[in-house]
Amino acid sequence: MSCDHVQSAGPATPAAALDTLDRDAEEPGAAELSYLELLARGASAEAYEQPVLTARAAGRTPERITGLERAKLLALRVRSELEGRRRREAELSALFETAHDLAGLRDVDAVLQAIVQRARSLLGTDVAYLSLNDPARGDTYMRVTEGSVAARFQQLRLGMGEGLGGLVAQTARPYVTDDYFKDSRFQHTLTIDAGVRDEGLVAILGVPLMLGAHVIGVLFAADRRARVFEREQIALLGSFAALAAAAIDTANLLTETRSAVADLERANGIIKERSAGIERASDIHDRLAELVLRGGGVQDVAAAVSQVLGSTVEFTENAEPRTLHRSRAEGHAVRHGDGWTAAVAAGGELLGALVLRGHPDLDPVDRRTLERAATVTSLLLLARRSAAEAEQRVRGELLDDLLDARARDPRQLRDRAARLHADLDATHVVLAARLADPAPGDEDDGGARRRLWSAASRLAGTRHGLAAARDGGSVLLLPVDAGDTATDLARRTARHLGTAVRRPVTVGASAPVTGLADAPDTVTAAYAEGRRCLDALCLLGRGGDGAAAEDLGFLGLLLAGERDVSGFVRRTIGPVVAYDQRRGTELLRTLDAYFASGMSPVRTKGELHVHVNTVAQRLDRVTRLLGDGWQHPARALEIQLALRLHRLEAPPARR
């Protein structure tokens with residue numbers, strides 16, 4: 001008969017089971033069936049005494065009572081075995097769940113809290129707690145508690161060897177006490193005892209948390225009453241301690257792994273940043289090398305660096321002085337406002353600066369890129385200066401040969417000029433340039449004259465002309481463009497050179513000349529004329545201006561190398577002469593009479609034997625032809641001189 005059959009058909013109480021025994025006294029196994037029913041119901045241990053007591057009270061035979069006693073003992077043994085198995089099953093389940101939690105470890109505090117909770121539940125204690133060793137301080141401290149109510153207890157720190165926990169941590173062996181305060185095996189301290197007393201603990205079990213051969217802490221189970229912990233309970237708490245140690249070790253490994261991963265990520269970021277920087281540096285190096293090889297200039301370098309750095313980079317000769325000198329002294333780019341300045345220097349000379357704007361935060365790689373670009377810029381400037389100086393010397397030597405009127409082969413002169421992109425067969429003007437008088441306190445130590453020669457040479461190079469330093473100033477030989485005059489060229493040259501040297505420059509120009517290769521003395525004569533014109537400008541107080549002889553009236557006529565009388569007459573009274581020739585009028589005769597009469601219209605009418613209104617009408621016509629101001633003293637003097645020269649040039653019939 002099965003147990004299920006017993007549960008469904010048999011009596012539900014020990015008394016009913018005894019009645020069954022009475023009715024079936026001779027039936028084999030009746031007592032065993034009664035105890036099976038008790039086992040099936042999970043009755044308490046006291047219930048197993050009832051059948052024996054009832055049989056004795058009913059006066060059953062000794063054999064029957066002995067059989068019942070034997071059945072009771074067997075049933076109690078089976079009951080104990082079943083309870084043990086159930087307890088071990090619960091323990092194993094708790095250990096499995098804890099191990100499962102550990103496998104999915106995310107928060108070590110949560111796992112440790114679960115361990116002490118399950119230890120407390122399975123051991124049936126009032127309190128469970130866990131402490132960890134602190135190698136830095138040489139003690140152990142409370143980490144997790146469950147069931148604790150005393151704040152001082154939860155904050156305890158135990159020195160090695162102090163209290164039960166300190167002894168476990170020191171010896172790496174489990175310790176148990178039925179009554180903590182009566183146990184002399186432990187080193188009692190006021191602090192520890194006060195904490196234990198606040199918590200009201202009496203019986204305490206502690207097992208070590210082991211990682212290999214090292215104790216990292218202690219797991220405790222404690223009751224507030226005297227209690228004897230069984231061997232199985234000590235072993236169970238030890239299993240939980242092993243899981244707790246594994247959890248802590250796993251957490252430490254995870255922390256180390258996360259730290260290592262974070263370090264690797266930072267290192268990877270640095271490597272990527274450095275790699276990007278190296279790529280940018282390589283890119284700018286290639287670009288700058290290409291620029292130098294194909295003859296790029298300073299502005300090309302600035303544009304290339306602007307593109308690489310993503311901000312505007314400019315070359316300037318007028319950087320903020322303090323920042324410029326600081327960059328030069330430190331040998332690095334320095335921050336200025338919202339940008340950076342890198343000095344462009346060669347030896348002891350400052351040539352300018354590369355200025356990066358709108359980029360206040362510059363990493364080291366980009367900063368070195370700006371500095372490298374400044375170095376390349378200085379090399380380009382030096383190379384350009386060397387080439388310019390060489391070309392200036394060559395241009396100056398050719399012009400010196402022309403000015404000194406040395407006997408030269410015209411073909412050789414033309415070949416030398418062609419190599420400089422100059423054409424000696426074209427029409428040129430010789431210009432004499434000199435610095436105006438310096439302002440008070442502005443001493444001219446030769447630096448300004450060198451700048452003037454350099455600026456004149458650059459201008460001559462761009463205009464396919466020649467330039468040289470001479471007589472404390474500079475001389476230029478520049479071709480004349482179509483529709484241009486010597487006066488226009490002189491004035492433009494004065495403005496250009498004055499701007500370049502940042503001081504007024506006076507320029508005197510000769511009349512246009514040709515045939516320079518065939519007659520070098522032509523240049524010499526033209527330069528003398530330009531010098532005379534320059535001196536005249538200075539005497540007239542027109543320093544910083546530019547002019548040709550034709551602009552100086554009769555003074556220009558006197559200064560000109562060749563007396564261009566016809567040109568002077570044409571420039572001064574040409575419109576009046578042409579009007580008389582076309583209309584048959586007598587404006588020239590009226591002008592002669594007007595000046596001879598002291599510029600009096602009344603006396604002029606008597607000289608001409610005409611009405612005064614006729615004189616007035618003729619003078620109005622002259623004003624329309626010569627413009628307002630012709631009667632001013634200086635202009636009137638030139639007109640009178642032109643009238644006399646015209647009479648000298650006129651054919652006899654016209655005289």
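Laboratory data are not the source of any read-out in this text; all were calculated from the coordinates shown. Since the model is a prediction, treat every value here as computed from it, not as a measurement. We place every Cβ from the backbone using ideal geometry, glycine too, and count neighbours over all the protein chains shown.
Odds and ends about this structure:
- Pairwise FRET efficiency - residue 386 versus residue 363, Cβ, R0 = 51 Å, nearest 0.05: 0.90
- Computed from backbone phi with θ = phi - 60° and the Karplus coefficients 6.51, -1.76 and 1.60, the 3J(HN,Hα) list for the range 300-314 is 5, 4, 4, 5, 5, 5, 4, 5, 5, 8, x, 9, 6, 10, 10 Hz; x is used for glycine and proline.
- Rounded to the nearest Hz, the phi-derived 3J(HN,Hα) couplings of the range 59-73 under the Karplus curve 6.51 cos²θ - 1.76 cosθ + 1.60 (θ = phi - 60°) are x, 5, 5, x, 4, 5, 5, 4, x, 5, 4, 5, 5, 4, 4, where x marks glycine and proline.
- For the range 295-386: rounded, prolate or oblate by the Cα gyration tensor [a/c cutoff 1.5]: oblate
- Database remark: amide H of residue 312 closer than 5 angstrom to the amide H of 357 (H placed geometrically; neighbours at sequence offset of 5 or more, or on other chains; Pro and chain starts carry no H).
- Neighbour counting of Cβ atoms within 10 Å sorts the residues 630, 453, fewest neighbours leading, into 630, 453.
- Percent RCO, i.e. relative contact order, over the range 565-654, from Cα pairs under 8 Å lying at least 6 residues apart: 34
- Interchain or long-range residues, amide H under 5 Å from residue 427's placed H: 480
- Kirkwood hydrodynamic radius of the range 565-654, from inverse mean 1/r over distinct Cα pairs, in Å: 13.3
- The modelled label-to-label distance for the pair residue 226/residue 596, using points 7 Å beyond Cα in the direction of Cβ, is 16.5 nm.
- Rg ratio for the range 104-256: its Cα radius of gyration over 2.2 N^0.38 Å, N being its residue count, equals 0.95.
- When +1 charges are put on Lys and Arg Cβ atoms and -1 charges on Asp and Glu Cβ atoms, the dipole computed for the range 565-654 relative to its Cα centre reaches about 160 debye.
- Couplings for the range 609-616, taken from phi via the Karplus curve 6.51 cos²θ - 1.76 cosθ + 1.60 with θ = phi - 60°, read 6, 10, 6, 4, 5, 5, 4, 4 Hz in order; Gly and Pro are left as x.
- Between the amide H of residue 344 and those of 351, 352, 353, 354, distances stay under 5 Å, these residues lying 5 or more places away or on another chain, with hydrogens modeled in the peptide plane.
- For 369, 623, 312, 145, the sequence from fewest to most other C-beta atoms within 10 Å is 623, 312, 145, 369.
- Estimated FRET transfer efficiency (residue 464, residue 379; beta-carbon r; R0 45 Å; 0.05): 0.95
- Dipole magnitude for the range 449-541: computed about the Cα centre from +1 point charges on Lys and Arg Cβ and -1 point charges on Asp and Glu Cβ, it is near 700 debye.
- Residues 183, 361, sorted so that the one with the fewest Cβ neighbours within 10 Å comes first: 361, 183
- Cα-based shape type of the range 166-242, given that a ≥ b ≥ c are square roots of the gyration tensor eigenvalues and the cut on a/c is 1.5: oblate
- Note on residue 518 and residue 290: the extension gain reaches 77.6 nm, defined as 0.36 nm multiplied by sequence separation minus the Cα-Cα distance.
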